Structure formats: C-alpha cells, structure tokens
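**Q** Sharing a structure, written as structure tokens. Questions coming.
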Amino acid sequence: MITVFTTSSCAYCVMVKKFLLMKGKEFEVVNLEDNPEARQSLFEKTGAMTVPQTRIGDKIIVGWNPGAIVSALATI
C-alpha cells in the first residue's frame, strides 16, 4: 500500500503524485491539514513535519526523493 501525506500548497507533493502515476502505481492521499492526528503520528515516526512524506509498504520517504521512492517500490 502507498500513501502520500500532503498539504494543499505543497508543490513537491504534486511531483510525488505525478511520479507515482507515471509508474502506474495506485496510492491514497492524506491531507495533513485535514488530519492533525496523522501529522502527529508521522512526526513521532520520522521526526519531520515537512511534506511530502510517502509511505510505501513499511518505509516512509521524507521529501521529494525519486531514488528512494523507486527503491521502496521494488520492495512491495
């Protein structure tokens, strides 16, 4: 399962979503502006408040990092 944690004004979040679509992957989007519990949970796991954060399987990639996304996709 792939989840992209985003906010409304995040340009890098758009890039992650486009990248995943180009790879033919389905994903869920969680807007952290609407879900403070998810924001807190991510912060506790990663120590980062920034977006995007992309959960692929059991990995969480912080920021726009296509290499890490590709590596994580290979594990699911």
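**Q** In deg cm²/dmol, rounded to 500, what helix-only [θ] at 222 nm does the chain give when every DSSP H run of at least 4 residues adds -39500 (n - 2.57) and the total is split over its residues?
**A** Computed ellipticity for the chain at 222 nm equals -12000 deg cm²/dmol.
**Q** Loop sites only, by DSSP: take the trypsin sites (Lys or Arg not before Pro) in the chain that have at most 15 other C-beta atoms within 10 Å and name the longest stretch containing none of them.
**A** With trypsin sites (Lys or Arg not before Pro) excluded where exposed in loops, the chain gives 26-76 as its longest stretch.
**Q** Rounded to the nearest 5, what % of DSSP beta bridges with both residues in the chain are antiparallel?
**A** 65 percent
**Q** Find out how many positive minus negative residues lie around Q53, taking Lys and Arg as positive, Asp and Glu as negative, among other residues whose Cβ is under 13 Å from that of Q53.
**A** Within the 13 Å Cβ shell, the charges total +3.
**Q** Something else now. Give the lysines reachable from K25 as a straight Cα distance under 18 Å; neighbours fewer than 8 places away on the same chain don't count.
**A** Answer for K25, where 18 Å is the Cα cut-off: K17, K59, listed by chain and number.
**Q** Assuming 0.36 nm per residue, please report the length gained on full extension of the stretch K45 to E33 beyond their Cα-Cα distance.
**A** 2.5 nm
**Q** Moving to a separate point now. Check each of the GluC sites (Glu not before Pro) in the range 12-48 and keep only those in coil by DSSP with at most 14 other C-beta atoms within 10 angstrom; list them in order.
**A** E26, E33
**Q** Starting from the exponent 0.38 and prefactor 2.2 Å, build the expected Rg for the chain from its residue count and divide its actual Cα Rg by it.
**A** Working it through for the chain, the quotient is 0.99.
No lab work stands behind these numbers, since they all come straight from the coordinates. Keep in mind that what you see is a predicted model, and the values were worked out from it rather than measured. Glycine gets a Cβ as well: all are built from the backbone with ideal geometry, and neighbour counts include every protein chain shown.
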